[in-house]
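The values are calculated or read from the model by the stated rules, or taken from the named source; none is laboratory data. What you see is a predicted model; the values in this text were computed from it and never measured. For neighbour counting, all protein chains shown are included, and Cβ atoms are generated from backbone atoms with ideal geometry for every residue, glycine included.
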Amino acid sequence: MHRTGLLLVETAPEDVDERARVGVAGDPYADHHTAVTFPWARVGTPALLRYADAAGWTPVERWTATGTGQSPSAARRFVALRRCRSLPTARRG
């Protein structure tokens with residue numbers, strides 16, 4: 001198993017750190033409306049970098065992407081992280 005990797009993350013444009021449970025609602029005309037929920041997070045770059053450092057990931061690149069004619073406020077922000085610290089090996093027993 002490799003203990004290093006590259007992680008590409010899209011971050012929120014503002015400095016935010018929020019977590020919630022969200023769900024995708026089913027067909028409103030169906031007999032039942034069960035929505036499976038799942039954890040979701042939205043983080044800005046500062047919060048991402050704090051969590052990444054604590055988990056052994058190091059930022060290697062940051063960039064912003066804008067579409068043609070897109071306003072700067074609609075730009076998408078990305079961070080590339082590389083795992084640098086080795087993970088503990090599983091004990092065989």
TODO: Give segment 1-25 a look and list any residue that's at pLDDT 95 or above and polar (S, T, N, Q), or say none.
DONE: T11
Task: Filter result (loosely packed, with under 13 Cβ neighbours inside 10 Å and either part of a loop (DSSP other than H, G, I, E, B) or in contact (Cβ under 8 Å) with a residue 12 or more places away in the chain (or both)) within segment 50-61 - done: A55, V60, E61
